[in-house]
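Reviewing the structure listed below.
The values are calculated or read from the model by the stated rules, or taken from the named source; none is laboratory data. In this text, all values refer to a predicted model and were calculated from it rather than measured experimentally. Ideal geometry is used to build each Cβ from the backbone, glycine not excepted, and the neighbour counts take in all protein chains shown. We work out accessible area using only protein heavy atoms, side chains counted, and drop any ligands, DNA or RNA first. Shrake-Rupley method; radii C 1.70, N 1.55, O 1.52, S 1.80 Å.
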Amino acid sequence: MRGLAWSRRGTVWLLWWLLAWKAAPGVFSFVSFPAHVYARPFAGLRVAARLRRGLPAAPQNGLGDEDFTDPMARVNALLIESNFSVSLPSAHPKTQEVLCHGDASLDEDLEAKEEGGVGRDEAEEEDDPSAWPPPVASPDARSMAYFYLSSVLRLEDSAMLRITISYPSILGLSVNRRIRPSLRCLRDDLQLSPDAVLAVISKQPAVLQISPHGHLRPKIRWLREALVVTTRQLASIVSTFPAILTYSIRENLEPKVDYFQETLGFTPAEFGAMVRRFPSLLSLSLQRNLIPKVELLDEHLGLDRPALRRLLQRVPMVLASSMEQNLEPKVYYLRAELGFSPDQCARLLRLSPQVILIPLDETLIPLIEYLQVDLGFSIADVRRALLRFPRMPTYSLENKLKPRIEFLETSFDLEPMALRNFLCAAPQVLGVQLEDRLRSLREDLGMSDYQMRACVLGLPTVLTYSVHNNLIPKIQYMMDHTASTRDEVLNMCMAKPSVLGYSLEKRIAPRLEVLRVILERDDTEPVELDLLKRVVGMTEKTFINWLEMFDPVQFDFQQQKQDQW
């Protein structure tokens, strides 16, 4: 008990001593310590408070705290307060030493090259004041990395702040031995302009930490060969995703290239095209991202290897999607809620790979609810509509789909049930600019409103046909070979709209030539329009049976009686 009492008493005396030492250091003037030592027990708290406010560790001579609201002013003050010896509060003591005096180990990989001397071209470039990167005199203060990057190369303040805070070791690099060779390597090996090189450095300052001759140049050569890309294509990849230059070839890049080419069966050119389309693909973890997502697409969506490769070639961004928040909920919704089979999922993604990227809660679910609640679609109707028009979920519901559905409803005066049947039969019409298409049918094809309504309601997909490349050639061909007027052909199409849905080269023209043969007519003699209308819609088997039973003499006799009547 006595020991416990003495312990408590000693603690109280110690606290009192510290408080008195802090409050009135002059009372203890008999102790010959410097004045700043008396405040040492609380100095850390005071410095931390200033740093949290974004201020230097100690007030600056002639500068108030309001002068440090600009981030770069704080960085410059940190440089000035220590005679250009950078003192970052978050830096390790070893980093402080690197920033103040440089680090010889960073340039060890260049010693072999420098011992052999600098080439004549490089020596001439050093002496050329118009060369880029601009040369500096080593004894001058501008040879410091910080001032070279900020004042000579004029990097933006945000980039300099990022370098100072996140990559402080760059400020200890030699300008002439490390920074300028790295910039020249990017300029020459990737054929980048000076502005493009500075953009790469601003995005990924860690590129300056890579040895230009020992690592950077060999990595650029390896990427060009592994991805089967040209220098300009690789420059585009690096400009978009500069971090690719900081990845280890053996530990990072090679395993990913081997996985895509050997496991998934991509050719080097196909994989290079994927990387050009989505350079961040190489930033994804092989074990945590790529392999689990490929297995999910393979097992639950019915994608075989060729279909999977086509999907990834068109939308490689799917591999960057979240498993828990995007892919797994979407797969469950398609399979469990909408009832798609694996084969149907594979067909959906084969026809419209972008479906796998659209947000589930913001886009897909509201679309399905609109089709079911507002238009009366059943789940089977929804599946059928998505398989016939897989790009439907990629259209904006409010800005594209709803206005076009309302336009159809008002233009053709459709009742709710008729509108539902129309969209179930041809949901792909929602991907067409309907106002322009109806105007073209009326003005370019010469349809009246009555003819157009009959053709559209009888064959809704006619709205998806090109007027100039599809419909006009068919109408003109039937006019020329049946000796009919345009209005007569359009009336025939109005009575049988399916005629417009058949191919001119594969159905209409071959059937008409067969009729010419059995009727013993040459190319100059027309064929009756009604006879062409009758045979165009026949299946191949029905047409063959009809030919076996066809009697040209009887047909001519009936035609003569009809003409006389």
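Odds and ends about this structure:
- Debye log10 I(q)/I(0) for region 405-446, one point scatterer per Cα, at q = 0.19, 0.20 Å⁻¹: -0.60, -0.66
- Taken over region 458-546, the alpha-carbon convex hull comes to 95 cubic angstrom per residue.
- Summarising the amide proton neighbourhood of Leu190: residues at separation of 5 or more, or on other chains, whose placed amide H is nearer than 5 Å comprise an empty set.
- Nonlocal amide H pairs with Phe550, under 5 Å, H built at 1.01 Å: none
- Grouping the Cα pair distances of region 315-365 into 10 Å bins from zero gives a pair-distance distribution of 25, 62, 13 percent in increasing distance order.
- With K and R counted +1 and D and E -1, the other residues having a Cβ less than 11 Å from that of Val294 yield a net charge of 0.
- Positive dipole terminus of region 371-465, leading residue within Ala454, Leu423, Thr394 (C-beta point charges): Thr394
- Using θ = phi - 60° in the Karplus curve 6.51 cos²θ - 1.76 cosθ + 1.60, the 3J(HN,Hα) couplings for region 312-328 round to 5, 5, 8, 9, x, 5, 4, 6, 9, 6, 6, 5, 6, 9, 10, 5, 4 Hz; x is entered for Gly and Pro.
- Ratio of Rg to Rh over region 263-413 (Cα coordinates, Kirkwood Rh, two decimals): 1.02
- In sequence order, calculated HN-Hα J values of region 151-167 (Karplus, 6.51, -1.76, 1.60; Hz; x Gly/Pro): 9, 7, 7, 6, 5, 5, 4, 5, 5, 5, 5, 5, 4, 5, 8, 9, 10
- Length added when fully stretched, Met417-Phe543, from 0.36 nm per residue minus Cα-Cα: 41.8 nm
- Taking the convex hull of Cα positions in region 157-268, its mean projected area over all directions (nm²): 7.3 nm²
- Net charge contributed by nearby residues that have their C-beta within less than 12 Å of Pro329 (K/R +1, D/E -1): -2
- Near Arg511, once Lys and Arg are set to +1 and Asp and Glu to -1 for all other residues with Cβ below 12 Å from its Cβ, the sum equals +2.
- Pairs of alpha carbons in region 383-484 whose separation is greater than 25 Å (percent): 23 percent
- Rounded to the nearest 10 square angstrom, Arg420 shows an accessible area of 50 square angstrom against a 1.4 Å probe.
- Converting phi to 3J(HN,Hα) with the Karplus coefficients 6.51, -1.76 and 1.60 and the offset θ = phi - 60°, region 412-419 yields 10, 6, 8, 6, x, 5, 5, 5 Hz in sequence order, with x at every glycine or proline.
- Each principal axis of the Cα atoms in region 251-343 has its own extent, and those three values, largest first, are 40, 24, 20 angstrom.
- Over region 460-529, Cα pairs under 8 Å with separation of 6+ residues give a relative contact order of 37 percent.
- Here the calculated FRET efficiency for Arg442 and Ala483, from their Cβ-Cβ distance with R0 = 30 Å, stands at 0.75, rounded to the nearest 0.05.
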